[in-house]
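Down below is the structure, laid out as structure tokens.
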Amino acid sequence: MISYLKGIVAGIQNVGTNRVLLTLEVNGMGYDLQIPQRLAKQLPTTGDLVQIFTHYQVREEIPLLYGFSSPAERDLFRHLLSVSGVGAASAIALLDTLELPDLVQAIIAANTQILIQAPGVGKKIAERICLELKAKLIEWRKSAGFFVATEGPAPGILEEVQMTLFALGYTAHEVTHALHFVSQEIGLPKDAYVEDWIKQAIAHLSSSEQVSP
């Protein structure tokens, strides 16, 4: 079992639509690892030393290595793979769509509407992920060293708010953080009107766009 690799970034390339390949040089040997796009954006330039946590898999007799930024991200990837119908591509897509705590929260809260924003993840798969992993992740998040917040609109309001914001072109990452901001910083009640949640979320998202470089 290869737990992690520490080596020099030799190259990063996009392979296909949603695949990113990292070539890591370790003691004179080059290892190819499939990694999330989020990790690719965080990596230093070619020639720098990095530590990548790995998952080894053999598919159709072909050995594959997947790389992650932390043991927690790698472990959540493994949890996702344990769900019937979820392959490596879908698991990585979920990790790319939401930050780790947000993804765990979405699964525990059975928020399928936000999970299906990940490429290749349909409603049935999202429902299966929530059903099979909810109890496991409630326990796992404690050992992983982070908690899952419960702020945001009440369940009956959440789906409608999310669907409206997605229809306006906002990403799952943007929507999740906007709703968290409206709940925590503005203090909008969970059972406030749908229109109020949407209005406040759009106002926050619009202000964020204006200050972005």
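Might you let me know whether the range 17-27 holds any residue that is assigned to a strand (DSSP E or B), over 20 Å from P119 (Cβ atoms), out of contact with any Phe, Trp or Tyr (no Cβ under 9 Å at 6 or more places or on another chain) and hydrophobic (A, V, I, L, M, F, W, C)? So far as the range 17-27 goes, yes, one or more of its residues are assigned to a strand (DSSP E or B), over 20 Å from P119 (Cβ atoms), out of contact with any Phe, Trp or Tyr (no Cβ under 9 Å at 6 or more places or on another chain) and hydrophobic (A, V, I, L, M, F, W, C). Step by step: first the residues of the range 87-129, then only those that are open to solvent by 40 Å² or more (accessible area, probe 1.4 Å) and polar (S, T, N, Q), then the one that is modelled with the lowest pLDDT. Which residue is that? Residue satisfying both the conditions and the ranking: Q105.
A Cβ distance below 9 Å, combined with a sequence gap of six or more or placement on separate chains, defines the contacts here; from the range 6-26, residues that are closer than 14 Å to V50 by Cβ and open to solvent by less than 90 Å² (accessible area, probe 1.4 Å) reach residues that are of a type in the set (D, E, K, R) and not in a strand (DSSP E or B) in the pairs I8/D48; V9/D48. Reported count of residues in the range 84-110, each being within 13 Å of V121 (Cα to Cα) and among the charged types (D, E, K, R), is 1.
Inspection of the range 131-151 identifies no residue that is open to solvent by less than 20 Å² (accessible area, probe 1.4 Å), touching a residue at least 24 places away in the same chain (Cβ under 8 Å) and in contact with a Ser or Thr (Cβ under 7 Å, 6 or more places away or on another chain). For the range 168-182, the condition of being over 23 Å from the mean Cα position of the chain (by Cα) and outside any helix (DSSP H, G or I) holds for none of the residues.
Here is the figure for the range 77-101: residues that are in contact (Cβ under 8 Å) with a residue 40 or more places away in the chain and on the phi < 0 side of the Ramachandran plot total 17.
The values are calculated or read from the model by the stated rules, or taken from the named source; none is laboratory data. These numbers come from a predicted model, not from an experiment. Heads up, the Cβs are rebuilt from the backbone with ideal geometry, glycines too, and the neighbour counts pull from every protein chain shown. When the accessible area is computed, the model is the full protein with side chains, heavy atoms only, and any ligands, DNA or RNA have been set aside. Shrake-Rupley method; radii C 1.70, N 1.55, O 1.52, S 1.80 Å.
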